[in-house]
Structure formats: C-alpha cells, structure tokens
Amino acid sequence: MASNGLQPAEGLNGGYAKINNWKAPGSAAFNFKSDTTTTPTVAMLESITYTTLLDDVTQHDSTTNDLQTWVAGLLGQPAGLLTSSGTMGNQLAARAHLTNPPYSVVADEGSHILSWEAGGIAANSGALPVPAKRTNGRYITLEDIQAVAILHDDTHYAPTKMVSIENTVDGVGVPVAECARICAWAREHGIKTHLDGARLWEVAAANVARNENANEHNLRAALEKEIHAYGNLFDSVTVCFSKGLGAPIGSILVGSEVFIKQARHVRKSWGGGMRQTGIIAAPARVAVEDTFFSGQLVRSHEVAKRIAKSWTDKGGKLTAPVDTNMVWIDLSSTTRQQVWLAEAEREGLHVYGGARGRIVVHYQICEEAVERLGRVFDKVIAEDRSSVVTNGVKQGEFGGYTAIQNQAKYTERAGDGDEV
Ligand SMILES: *Cc1c(COP(=O)(O)O)cnc(C)c1O
C-alpha cells in the first residue's frame, strides 16, 4: 500500500488510479434482464468533462443542438428533441400529433406505448388506446392494423388519428417494406405515424448483418442507410441512447420543424425542459459512435444466436424467433421456472422468470456469462426430463403476448423491477 492510501494501478504508467464504475466489464456483464443495464464507458465519462454547459431551455447548448440535428439527419428528419426517457419521447409524440379529439391510437398489443407507459396515452393525450394483434407470430402488419383501425366518423367511435409501430417488439424487427405499406396507407387516411424505435439500432444492425455485401469497410454507410430507410417513412420517431448503446441517460424524438416546436412546448409544460443537458448529449453521441457504428450490436446478435443454439441443441424450445438481441426460451413448466431462477442465481446471473424465458443480450455480456448460462440450461433441461408439471399457460407457436398477460406478469414479479 502506498503512503497516500491508494492501490498501485497495474498497467497505468505505474501511476495510481481510483477504482471506478465506468470501467468494463462493469455490473452489466452478468445481467441478461435488459439492455438497459449496460453501463457507460470511460469514453462517455470523458466526453462529459469536455462538453459545453449552456442552457438547453433557451436552446443555447451547442452539444445538445448538434446531437439533435445529427440524429434527426441520420433518421431522415428535419429536427430533433432530446428527452429524458423514451417514454417521454413517445408521450410527447402523441400529444403533439393529436390535436382534435375524440381520437384513438392503434399500436401492437404488447407495445411499450400502450402497455408499459403507465396509461400515459389516455392520461396525457386523452386518446383511446386500440391494441392490434400480431397474426403472423413475428411482427405487426398493415392488415393487423386495418383490422382494428377506426376510419369512419360514426359518432359512437373515436377515429384513429395515430398509428405507432414499435421496432423491435420482443426483439423481432418489422421489415422496412411493411413499415412503408403501413405509412402509405395511414397517410392516405390522414393518420399520423410514429415509430417507437427504442431498439431501432438493433434492427439496423441485424439487417446489415443479413446483407452479404456488408463488410468492415462499408459498415458505417450500411448502418446509416438502414436507419435512414426506416426513419424517413414516419411522421415521428423516438430512439433510445440508454438501452443497448450504453449511454447513461436519454432518448430523442425527431420529426418536422413544426412538430418538434410543438413537442418542445409540451415538454416544458411537463417539466421536461432541462438546463445543462450537454452532460446527457455528449455521452449519447459517444454511445452512437462507439457502440452502434463500431458494430458492437452485430457482435451481440451473434452471441444471442449462439445462446439460442446452445438451448435448442440441448433439446429446449424457443418461444420467439431470434432476430436481434433477445432470446426467448420455453419455460412453460413450473419446475423449469424454479430451476431457471435458482440455478441462474447460483451462477451469479441476473435473469427474469416467467414462462417465456426472456434473455436479453447486450454488448457488455462477457464470455464467462455465456458459459455460465450454458450450465444453467443443462440443469433446467435435466430437471425438466424428470417432471411433466405445467403451469397451465397455453402458448401459441411463438407464444401470445398480450397486454393482459403483461399485467399478470407484472403482478407476479412486483418488486423485481420492470421488464423494459
Ligand atoms: C425502453 C423502451 C422505451 C422507453 O423506455 P424509457 O425507460 O422510458 O426510456 C420505449 N419503447 C420501447 C419499445 C422500449 O423498449
């Protein structure tokens, strides 16, 4: 021990360093609950020390302004607005789009905007939430939306004035061609379109990885092309910096100048106007560069596929296709669920329970965690062979995931945090 009380730091020019929480592999390395658990990097911390510190309520902070313009441009939109959370971005979008009640909003029945935002669509915008069912077991289609949309002006009903498409839902991407069909139809009927792209970065990465022509040299251009292709179809888009990208805080809402001006006004009235937001904007930009454009998400999808293969090789079934960074394993027997939770805890892994076995992979998951997960799988499969007890939950081909089931799941695990 040195006389100043600090431990000598290995490999740091023989100097002394304080232990800090910004260094990989951090607390997220063994956490499969959500990509929200990713922790910011030293580069993100450093960007905070160099950021501008001017007032964003008066729109004087250039780091924030630049981030807004840059991300809006990536998504093919004219303007952007930094928000404290993705929820705030989605809620602002609805409040700014919906102007003449009565009206309804159509979205996927399991979507964040309908089922995971504390009823905000009704409370903040006075809109009737209308859930649409995914009938192909993968992603929402135009036909699914048409089946529930209200286009007539019969006074008994609340006409559909906004459609929100979440991409991804449960880790499965909606193809750009399907989004184009939905947006063209909506425009024809005077319906505003919103893309909840909290995990749109994952969709872009997966699409690029599927394209055989993509390689290290054109990775950036290919990712830009994907993000842009989705972004410019919609009237508004939200994307998150604090999920798989690893920034500490923040999301952004993008759209037309007029729309963003209105959203900024409402944001202020909700108490969401903040002052020195450079400390949020600077690391958010590093997150887009260092995690997204460097290809980290592509690599985490490879890990997700390896995890899924390890489960199915051992005889397990999947309850949803592995398209991006999520793996859903069939835990539809009570014994399986018990063994899953107990063995994961014994291995020091953080996982959720539930019959559909959600596993979220992110770029900070370490190899050791994947190995431990394999051992947990062995125990779950072995235990299951000696038991046939089920909990009575009926699963569709890829499991039906409804708002009602969401409510039930939440009640089951109150106190275990949100499945976001
Ligand atoms: C996480 C998430 C959000 C926003 O979440 P916040 O915790 O409010 O930032 C919005 N939509 C989807 C689909 C999400 O997964």
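Here, each number is a calculation from the coordinates, and none is a lab measurement. Please read all numbers here as calculations on a predicted model, not as lab measurements. Cβ: placed from backbone, ideal geometry, glycine included. Neighbour counts: every protein chain shown.
Computed values, structure above
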| item | result |
| --- | --- |
| Charge sum, other residues only, whose C-beta stays under 11 Å from Glu166's C-beta, Lys/Arg counted +1 and Asp/Glu -1 | -2 |
| Length added when fully stretched, Ala123-Thr334, from 0.36 nm per residue minus Cα-Cα | 72.3 nm |
| Residue order, fewest to most beta carbons within 10 Å, for Phe241, Phe30, Phe292 | Phe30, Phe292, Phe241 |
| Full-stretch length increase - Thr99, Tyr157 - with 0.36 nm per residue and alpha-carbon distance subtracted | 19.2 nm |
| Given Lys225/Lys305; Lys161/Lys261; Lys161/Lys268; Lys243/Lys309; Lys305/Lys379; Lys33/Lys192, the pairs whose alpha carbons are separated by over 31 Å | Lys33/Lys192 |
| Net charge dipole size for segment 102-148 [Lys, Arg +1 and Asp, Glu -1 on Cβ; Debye, nearest 20] | 60 |
| Charge context of Gly272, other residues only, Cβ under 13 angstrom, K/R +1, D/E -1 | +4 |
| The chain: antiparallel DSSP beta bridges as a percent of all, rounded to 5 | 45 |
| Near-label residues of segment 35-76 by backbone N, under 12 Å of a point 7 Å along Cα→Cβ of His228 | 73-76 |
| FRET efficiency estimate (nearest 0.05) - Cβ-Cβ, Lys268 to Val176, R0 45 angstrom | 0.85 |
| In order through segment 200-205: 3J(HN,Hα) via Karplus (6.51 cos²θ - 1.76 cosθ + 1.60), integer Hz, x for Gly, Pro | 4, 4, 5, 4, 4, 4 |
| Burial ranking of peptide ranges 80-87, 260-267, 181-188 (average Cβ count within 10 Å, highest at the top) | 80-87, 260-267, 181-188 |
| Inter-label distance, nm, simple model (7 Å from Cα along the C-beta direction), Ser27/Thr135 | 4.5 |
| Within the chain, helix-based [θ] at 222 nm, where runs of 4 or more DSSP H residues each add -39,500 (n - 2.57), nearest 500 | -12000 deg cm²/dmol |
| Size of charge dipole - the chain - debye, nearest 20, with Cβ of Lys, Arg +1 and Asp, Glu -1, no other charges | 320 |
| Those residues of segment 174-192 whose amide nitrogen sits under 15 Å from the label point placed on Ser256, 7 Å along Cα→Cβ | 187-192 |
| Whole-number D in µm² s⁻¹ for segment 24-100, Kirkwood Cα-pair radius fed into Stokes-Einstein, 10 °C, 1.306 mPa s | 104 |
| Residues of segment 239-279 with amide N under 19 Å of the 7 Å Cα→Cβ point at His60 | 268, 273-279 |
| For Cys366, Cys240, order by how many other beta-carbon atoms lie within 10 Å, fewest first | Cys366, Cys240 |
| Surface/4 estimate of mean projected area, convex hull on alpha-carbon atoms of segment 85-203, nm² | 6.9 |
| Reciprocal of mean inverse Cα separation for segment 51-293 (Kirkwood radius, Å) | 18.1 |
| Counted charge near Thr51, where neighbours are those whose Cβ lies closer than 15 Å (Asp, Glu -1; Lys, Arg +1) | -4 |
| Cα gyration tensor shape for the chain, rounded if a/c is under 1.5, else prolate or oblate | oblate |
| Where labels lie 7 Å past Cα in the beta-carbon direction, separation of Asn20 and Ile381 in nm | 4.3 |
